[in-house]
Structures are given as C-alpha cells and as structure tokens.
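Report on the structure given below.
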Amino acid sequence: MDLINKIFREETTSKERAIERLRLVLVHDRANVAPGLMETLKEELIEVISKYMDIDEESMEVSLNSNERSASLVANIPVKRIRR
Amino acid sequence: MSGRVIVVTSGKGGVGKTTTTANIGTGLALRGRKVVLIDADIGLRNLDVVMGLENRIVYDLVNVVEKTCKTKQALIKDKRFDSLFLLPAAQTREKTAVKPEQMRELCAELRQEFDYILIDCPAGIEQGFKNAIAGADEAVIVTTPDVSAVRDADRIIGLLQAHEIPAPRLIINRVRPQMIKKGDMMDIDDVNDILAIELLGVVPDDEAVIVSTNRGEPSVMESGSKAGSAFRNIVARIEGEEAPFMSLDYDLGIFEKIRRLIKK
C-alpha cells in the first residue's frame with residue numbers, strides 16, 4: 001500500500017506550487033511592463049468586432065483577471081446592433 | 001580594438017551579481033584577456049572586497065566621470081593578474097552622481113583598450129540600473145531558482161529589451177541538486193521554460209564560494225571547486241566555445257520517475 005501511495009501521492013511538491021504561482025504572477029507583470037498592451041488589444045478588438053456588430057465603445061471593458069489557478073481575459077462589450 | 005561591454009544584472013539583490021562579476025572577470029583574465037571590472041553600485045561598494053582589492057582604492061568611478069582624475073589613475077590592478085583591473089564605486093556618493101551619458105562615454109573610452117568591460121549592476125531598477133546598462137552591448141542576468149528572483153529576472157528582461165539590449169543570457173546560481181531531487185527546488189528546465197532566454201550557465205550552491213569570498217579570492221581559480229568549474233565553463237561560453245553545463249549529478253529515484261511518467 002505504501003508503495004502505491006508513494007507513486008500516486010496527490011499533494012503537489014513545493015516546486016510545482018512555485019512554478020504555478022510564478023506563471024500567474026508573470027501574466028500580470030508582463031501585461032504591465034509592456035505599456036499600452038491592454039489599450040492596443042482593446043483597439044484591435046473594437047476593429048474586429050465592429051465588422052460584425054455595432055458596439056458601445058465607451059462602456060466596453062477589457063481586463064486581465066486571475067484567481068488561484070488560472071488567469072483569464074475578461075471582456076465586457078455591450079452590443080447595440082448586429083450588422084447584416 | 002573594440003572590447004565587449006557586458007553588464008551583470010538581476011533585479012533582486014543578494015543573488016550573486018558581484019560574485020559572478022568577479023569570477024567571470026577573473027576567469028577571462030586567466031585566459032589572458034584584458035579585462036576591466038566596473039563596480040556601478042555607488043554607495044554600496046562591494047566588488048573591491050570580493051576581489052580582495054579594498055586596500056588599494058584611491059580614486060573611484062565618480063572621480064572618473066567628474067574628471068577629477070584620469071581614468072587610468074582610478075584603475076586598480078589585480079593582485080594576481082596583470083591584465084585585470086577594477087574601477088571601484090564611490091562609497092560616499094549617491095547613484096545620481098553618475099548619468100547614463102557619462103557611462104556611455106566611459107565605456108566607449110575603455111573599449112579602446114580592453115577586451116572585456118564587465119559592469120556590476122546594483123540591485124533595483126532605478127537610476128543605478130539605468131546607469132549600469134547605458135553603455136552595455138550585452139547583458140548577463142543572474143537569478144536563483146526561487147519565485148522572487150525569477151520574477152525580478154523576468155522584469156529585468158523586459159526592461160533590457162526596452163533599452164535595446166535584446167538578448168540577455170541567464171546564469172542560474174545557487175542550485176541545490178538535493179532539493180531538486182526532492183521536488184523542492186525548480187530545476188534548470190523549469191526556470192528556462194519560464195524565462196525563455198539563452199542559458200549561459202548553472203552554478204551549484206557551493207560553500208567554497210563563501211570561503212573564497214572571505215579570503216578575497218574568486219573561486220574560478222580553484223580547480224577543485226564545483227562553483228569554480230561552473231564559472232570556468234561560463235567564461236568559455238562567453239568566449240564562444242562549447243562547454244558542458246553542470247551535471248546535477250542526482251538520481252530521481254524510482255518512485256519519482258514512475259510518478260513523472262504517469263503525470264505526463
């Protein structure tokens with residue numbers, strides 16, 4: 001039983017935690033270091049989406065969020081009208 | 001003649017920038033290169049004691065850029081090698097006593113006469129950092145395998161790119177094979193994956209480095225020291241030669257091997 005436990009042990013090593021935490025923190029660090037990265041992204045998003053729909057650029061929000069395990073890009077883009 | 005100007009930097013303090021600068025410089029001199037080490041850590045001078053040259057200082061970096069002495073007068077010749085020199089930092093001045101433009105001028109002057117100009121950068125990303133990188137063509141980033149040092153190294157890579165030093169190379173210092181074996185320290189591949197820059201060297205955590213720093217004699221000269229041989233390999237790579245990376249010399253053990261296989 002001991003042998004199987006040793007192989008399948010569930011708990012992560014401290015190194016795995018270190019890598020996981022570093023990856024996440026660097027997502028934010030890098031986004032901040034590159035000045036205007038989020039702004040450029042927003043502008044290009046507007047450009048692409050505008051081909052298909054009218055959006056409310058004023059109240060559009062794009063942000064980088066993260067929790068314990070993952071980082072995600074969250075965009076809230078109010079649509080006024082779909083183009084035909 | 002036009003020498004190479006290399007800045008040794010890290011972001012985080014205490015990861016071994018000064019020791020690395022001393023060892024690379026001494027290692028290059030060991031190969032007969034003409035080398036000058038510049039301590040750019042104004043106010044926290046330390047390269048002099050690591051090199052064992054603290055008793056010979058008359059003039060310093062600030063005197064040179066303010067032109068109160070000639071550059072030659074401020075250069076301290078090493079005890080062991082005729083082709084190795086140190087330009088010490090000022091101890092009683094502020095980092096703002098030197099400007100990036102003055103560093104560029106100084107490097108341009110020194111590269112006429114030396115094969116290598118190595119700059120020991122202060123910790124941090126403020127004025128001292130900006131001065132230290134101003135005249136550099138290349139950068140070496142020193143990190144240790146822990147979250148804070150790697151995070152700071154990542155930031156430094158970004159800042160160097162912004163200052164047009166695009167391809168810094170990495171030294172991972174104070175690696176402890178036993179801790180890697182237990183899964184309690186990031187290994188070389190882990191750090192490489194995250195930072196994604198060229199690896200220049202791996203230096204094991206070695207008590208001999210503390211002993212040689214106590215004596216003021218860089219460990220690169222000791223043939224028996226593990227860290228010393230890692231530094232000799234780094235020097236060879238700087239000179240464009242192929243050199244082996246440190247073999248971490250550990251066995252994962254059967255359980256960890258099976259575990260990793262399953263995890264993949």
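The values are calculated or read from the model by the stated rules, or taken from the named source; none is laboratory data. Predicted model, so just to flag it, every value in this text is computed and none were measured. Because the Cβ atoms are built from the backbone with ideal geometry, glycine has one as well, and the counts that use them run over all protein chains shown. Quick note on the areas: whole protein, heavy atoms, side chains included, nothing else; ligands and nucleic acids left out. Shrake-Rupley method; radii C 1.70, N 1.55, O 1.52, S 1.80 Å.
Assorted remarks:
- R0 of 35 Å, Cβ-Cβ distance B:Val58-A:Ser66: FRET efficiency to nearest 0.05: 0.05
- When the C-alpha to C-alpha distance is required to be over 28 Å, the pairs from A:Lys42/B:Lys99; B:Lys12/B:Lys182; B:Lys12/B:Lys67; B:Lys95/B:Lys226; A:Lys42/B:Lys130 that qualify are A:Lys42/B:Lys99; B:Lys12/B:Lys67; B:Lys95/B:Lys226; A:Lys42/B:Lys130.
- Taking both sides together, the accessible area buried where A meets B is about 1900 Å² for a 1.4 Å probe.
- Residues in the stretch B:164-173 carry Karplus couplings, in order, of 6, 10, x, 10, x, 10, 10, 10, 9, 9 Hz; the curve used is 6.51 cos²θ - 1.76 cosθ + 1.60 with θ = phi - 60°, and Gly or Pro positions show x.
- Cβ-based net charge around B:Leu47, under 10 Å, with every Lys or Arg adding one and every Asp or Glu removing one: -3
- Taking only protein heavy atoms and a 1.4 Å probe, the accessible area of the stretch A:2-82 is 52% carbon and sulfur.
- Within the accessible area of the stretch B:1-106 (1.4 Å probe), percent carbon and sulfur: 47 percent
- The alpha carbons of chain B give a radius of gyration and a Dmax of 18.6, 67 Å, in that order.
- Most to least accessible of B:Thr143, B:Thr92, A:Thr12 (protein chains only, probe 1.4 Å): B:Thr92, A:Thr12, B:Thr143
- Computed packing ranks the peptides B:162-173, B:61-72 as B:162-173, B:61-72, most packed first, by mean other Cβ atoms within 10 Å.
- Solvent exposure of the stretch B:3-126 amounts to 40 Å² per residue of accessible area, where only protein heavy atoms count and the probe is 1.4 Å.
- Net charge of Cβ neighbours under 10 Å - reference B:Gly13; Lys, Arg +1; Asp, Glu -1: 0
- Residues of the stretch B:182-226 that bury at least 30 Å² of accessible area when the other protein chains are present, relative to the chain alone (probe 1.4 Å, heavy atoms, ligands and nucleic acids excluded): B:Gly183, B:Asp184, B:Met186, B:Asp190, B:Ile194.
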